[in-house]
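Trainee: Let me give you the structure first, and then I'll get to my questions.
The values are calculated or read from the model by the stated rules, or taken from the named source; none is laboratory data. Since the model is a prediction, treat every value here as computed from it, not as a measurement. So basically every Cβ, Gly included, is an ideal-geometry build from the backbone, and we count neighbours across all protein chains shown.
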Amino acid sequence: YRKIGLIGAMDEEIKRFLDHIDDVKTIEKAGIRFYEGFFYDTEVVLCKSGVGKVNAAVCSQILIDHFEINAVIFTGVAGALHPDLQIGDIVISTDCMHHDMDASPLGFSRGTIPYDKTSIFKADDDLIKAAFQASEKSFHNRTRKGRILSGDQFIADREVVQQLHKQMDGDCTEMEGAAVAQVCSMNEVPFVIIRSMSDKADGSADVNFAEFVVQASQHSYQIVEQMLKNI
Ligand code: ADE
């Protein structure tokens, strides 16, 4: 990978990278600040997309068109959907879907984008492998490959968690991954999403999120650091 786009949604999720990027050049586009430079020996463009799918989509397309990156790694925190996942555990995306895409009155199943050729956006096998190996190093038995569900909603309800897990086979939920995944797929750019669990998307999610966002972001950073050392 010649040049990698590194995205986080919030300050907390990108600040450790910012401290470690050399020869930084800062460029602003669409209100998003991009940091171009070197992370260890890899050329990267780091950015904070902002929260939500539109921010993530715009950010991804700019990385591809303007910065001509040829892979995207998204790093950050998520709410756990799989019952085995604990706070601090890691999910590496195998694929992503939009849980808030719902045209069911027209007969389309939840998550299906009407008339598009696919609604399941598959991550790149080599990036999945590299991310999984890097994660296993620090978080042995706490790393799982699985489906990430995204929507413009902070989920904090047990029943919704069960629904998303059972109906859509989601392992964790967040608010950007599927947007990044879709834009990358549309442009044939390989990607992987790496998420550390800040909460269980239940009634305690708001409190847990506030408490664990720092630790979970640290975990995500550690994995990407390890991964880029090996790439
Ligand atoms: N990111 C972290 N926790 C989340 C949750 N419960 N819902 C949506 N996005 C999240």
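Trainee: Look at LEU106 and say whether it is modelled with pLDDT of 95 or more and within 23 Å of GLU12 (Cβ to Cβ).
Mentor: Judged against the criteria, LEU106 is not a match.
Residues checked against (1) modelled with pLDDT of 95 or more; (2) more than 11 Å from LEU6 (Cβ to Cβ); (3) among the small types (Gly, Ala, Ser); (4) over 13 Å from the mean Cα position of the chain (by Cα):
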| residue | (1), (2), (3), (4) |
| --- | --- |
| LEU46 | yes, no, no, yes |
| GLY50 | yes, yes, yes, no |
| VAL54 | yes, yes, no, yes |
| GLY79 | yes, yes, yes, no |
| PRO83 | yes, yes, no, yes |
| ILE90 | yes, yes, no, no |
| THR94 | yes, yes, no, no |
| HIS98 | yes, yes, no, no |
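Trainee: Could you tell me which of the residues LEU81, LEU63 is farther than 18 Å from SER185 by Cα, surrounded by 18 or more Cβ atoms within 10 Å (Cβ to Cβ) and touching a residue at least 12 places away in the same chain (Cβ under 8 Å)?
Mentor: Among LEU81, LEU63, only LEU81 is farther than 18 Å from SER185 by Cα, surrounded by 18 or more Cβ atoms within 10 Å (Cβ to Cβ) and touching a residue at least 12 places away in the same chain (Cβ under 8 Å).
Trainee: So which residues in the range 205-231 are buried (at least 21 other Cβ atoms within 10 Å of the Cβ) and under 13 Å from ILE90 (Cα atoms), if there are any at all?
Mentor: Answer for the range 205-231, where residues must be buried (at least 21 other Cβ atoms within 10 Å of the Cβ) and under 13 Å from ILE90 (Cα atoms): ALA216, SER217, HIS219, SER220, TYR221, ILE223, VAL224.
Trainee: Residues to consider are ILE32, ILE69, ILE87; find the one that is surrounded by fewer than 23 Cβ atoms within 10 Å (Cβ to Cβ) and more than 12 Å from CYS172 (Cα to Cα).
Mentor: ILE32
Trainee: Identify all residues within the range 28-79 that are among the hydroxyl-bearing types (Ser, Thr, Tyr) and more than 16 Å from the ligand (Cβ to nearest atom); write none if there are none.
Mentor: Hits for the range 28-79 are TYR35, TYR40, THR42, SER60.
Trainee: Sticking with this structure for a sec: Can you work out which of the residues in the range 152-181 that are within 14 Å of the ligand (Cβ to nearest atom), among the small types (Gly, Ala, Ser) and surrounded by 22 or more Cβ atoms within 10 Å (Cβ to Cβ) is nearest to the chain's Cα centre (by Cα)?
Mentor: Result: GLY177.
Trainee: Do you know which residues across the range 3-42 are of a type in the set (Phe, Trp, Tyr) and either farther than 18 Å from TYR221 by Cβ or part of a strand (DSSP E or B) (or both)?
Mentor: PHE34, TYR35, PHE38, PHE39 - these are the residues of the range 3-42 that are of a type in the set (Phe, Trp, Tyr) and either farther than 18 Å from TYR221 by Cβ or part of a strand (DSSP E or B) (or both).
Trainee: Next question. State which residue is farthest from ARG142 (Cα to Cα) when the search covers only the range 76-87 and only residues that are in contact with a helix residue (DSSP H, G or I) (Cβ under 6 Å, 6 or more places away or on another chain) and part of a loop (DSSP other than H, G, I, E, B).
Mentor: LEU81
Trainee: Which of the residues spanning the range 121-131 are surrounded by fewer than 20 Cβ atoms within 10 Å (Cβ to Cβ) and either within 16 Å of the ligand (Cβ to nearest atom) or in contact (Cβ under 8 Å) with a residue 12 or more places away in the chain (or both)?
Mentor: Selection gives LYS122, ASP124, ASP126.
Trainee: So, one more: Being buried (at least 20 other Cβ atoms within 10 Å of the Cβ) and either free of Cβ contacts under 8 Å to residues at least 24 places away in the same chain or within 15 Å of the ligand (Cβ to nearest atom) (or both) is the filter here, so list the residues in the range 182-204 that pass it.
Mentor: Within the range 182-204, ILE193, ILE194, ARG195, SER196, MET197, SER198, ASP199, LYS200, ALA201 meet the criteria.
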